[in-house]
Amino acid sequence: MNRAGFIAMGCVSALALASTARAQYLQEFERNTAEGLSDLIAEHQEKQCQKGRPPSDSQMQSARDSADRLMAAYFKLTPTSSVSDINRVFNIKDATSLWRDGTGLVPLARMTEHLGGPKPDPKPLYFVTGGDGISASGAWQAVASGGDAKATYYVVEFRVSGGGLFPGWRIWRMAVVDQGDMPPAAPGPFCHFNVGANW
């Protein structure tokens with residue numbers, strides 16, 4: 001190959017690298033822009049909540065639909081589910097996202113090791129949408145067959161998570177609690193989650 005050929009190949013390689021770098025920059029810019037916009041909207045809605053304005057009907061319906069979808073996916077997880085399966089329900093990259101059972105806090109990536117068999121027909125007990133429009137809290141109850149079977153309660157907090165242009169709802173924190181016949185109390189209206197509260 002002559003000198004001109006080497007120069008041409010070098011130019012093509014440089015253009016390809018520049019194009020890749022530009023695409024990566026644009027993806028990062030779009031992600032940061034979307035997350036910043038989402039945070040601004042949530043902050044505005046939280047301030048409105050603090051003034052006594054509840055979330056809109058559409059926000060509450062969107063949160064509830066998302067929670068029902070996520071809980072259905074959660075109850076399909078098994079001890080052999082992959083990390084990808086878990087990440088469709090939780091955001092594994094979020095260090096504040098938690099799961100615990102009677103043994104204590106468990107890393108999300110190892111959560112399925114603590115799952116038993118399928119729970120029969122879990123029933124929702126309560127659901128409350130946060131005033132910021134990107135958080136919600138709910139509880140579900142499942143009772144195994146048998147006369148002396150105790151209820152298992154799933155106390156769950158949800159929030160919009162995941163980044164990208166279209167961040168989605170994920171389970172943020174979940175506690176799996178065996179409490180017999182004592183269901184957890186429903187929370188009152190809230191505007192925003194306290195990251196360290198009750199966990």
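Please treat every number below as a calculation from the coordinates, not as lab data. Fair warning: this is a prediction, and the values are worked out from it, not measured in the lab. Note that we place each Cβ from the backbone using ideal geometry, even for glycine, and neighbour counts take in every protein chain shown.
What to note about this one:
- Count - residues of the range 89-125 that are without any contact (Cβ under 8 Å) to a residue 60 or more places away in the chain and surrounded by 16 or more Cβ atoms within 10 Å (Cβ to Cβ): 8
- Count of the range 83-142 residues which are part of a helix (DSSP H, G or I) and charged (D, E, K, R): 3
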